[in-house]
Amino acid sequence: MSTVLVCTKPVVVGVDASPHAARAALWAADEAVERGVPLHVIHSSALDPGLTRSRPGAHGAEEAGALGLELLMEIEHLARGAHSALEVTTAMSRESATGVLIAASRDSDLMVVGTRGNGEPAGLLLGTVSLRLAAYSYCATVLVRAQSDQNSRSGEILLGMQENEPQEAVLFAFAQAARGGVAVRAVHVWAPDAAYDHADISGTDIITRQATHQMTVALKGARDMFPDVPVTISVERGHASAVLAEASRTAQLIVVSAHRGHGPLSVGAGIIHGMLSDAYCPVAVVPVA
């Protein structure tokens, strides 16, 4: 029997006036219900182009605050419309969106924000803010694209594994799968050095066997904790963001880890940005100290 992980902290979702945020709020509401915890909705009135576009005559902090409260009421109504019994709380801040959400992440197990795909107009919780949250949030951050092709929670959990994959991301993926009664598909993507891009079939086979062994070892603890979660392991050659984005066609969530420090995400901001542009499902970035 799989380990049962009890969640007590709320799911936090940051919203602005964009459709990306509305979709993120619905995803977060579903997740809060699945975890059995409240949903906490946060809006920053410091800067929200979506509100000023929707209300061209709006000027000043006071009016921005009033519009922000109205937005929070709309999002709360949206969440309760999807789940009538869900406990929903809201908060508004005049601090920067990044700052207030990172602070809120200290008291949450999961942060959710919306983000955009290629060619979509910019908004508050897009691009820079969502990537900063992925880099500096104290808890796992899920980035939800408004234009992702699916919102099903019946698909597999796709775990993107690096060499010596930290257990934080592995356990997060397995816990998500256990709660939803779905499978985990663990994928490692490798690309040969440009100077040795002519790797032959035998060389590729050796790399595949070595990576499969390392993945099997890294997954053992989680498989022991969650024996009821079906697992498949695959090793692919190519660019990580492209391979994971394509694999996400059958997934409900992509899970990747990110080492923290004073530098950029170890998994690579470019890789995350690529997945956000092309993935068919939300992306969860799990922090590793």
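Odds and ends about this structure:
- Built amide H within the under 5 Å cut-off of MET161, gap 5+: VAL187, HIS188, VAL189
- The string of couplings for the range 36-41 from the Karplus curve (6.51, -1.76, 1.60, θ = phi - 60°) is x, 10, x, 10, 10, 9 Hz, one whole number per residue in order, with x for Gly and Pro.
- Karplus-derived HN-Hα couplings along the range 11-16 (A = 6.51, B = -1.76, C = 1.60, θ = phi - 60°), whole Hz, x at Gly and Pro: 7, 9, 10, x, 10, 10
- Simple spin-label estimate for ASN164 and THR212 in nanometres, 7 Å along Cα-Cβ: 2.5 nm
- Subtracting the Cα-Cα distance of ARG106 and ASP205 from their residue separation scaled by 0.36 nm leaves 31.3 nm.
- Taking amide H atoms as placed 1.01 Å from N in the peptide plane, the amide H of LEU253 lies under 5 Å from those of LEU158, each 5 or more residues away in sequence or on another chain.
- Annotation for GLU95 and THR250: the two label points, set 7 Å from Cα along the Cα-Cβ direction, are 4.4 nm apart.
- Cβ-defined net charge surrounding GLU236, 12 Å radius [Lys, Arg +1; Asp, Glu -1]: +1
- In order along the range 80-95, the Karplus-derived 3J(HN,Hα) couplings, from 6.51 cos²θ - 1.76 cosθ + 1.60 at θ = phi - 60°, round to 5, x, 7, 9, 4, 8, 5, 7, 10, 10, 10, 8, 10, 9, 9, 6 Hz, and Gly and Pro are given as x.
- Residues of the range 163-177 with amide N under 11 Å of the 7 Å Cα→Cβ point at ASP224: none
Bear in mind these aren't lab numbers, they're just calculated from the coordinates by the rules spelled out. As the structure is a prediction and not an experimental result, all values here were calculated from the model. For neighbour counting, all protein chains shown are included, and Cβ atoms are generated from backbone atoms with ideal geometry for every residue, glycine included.
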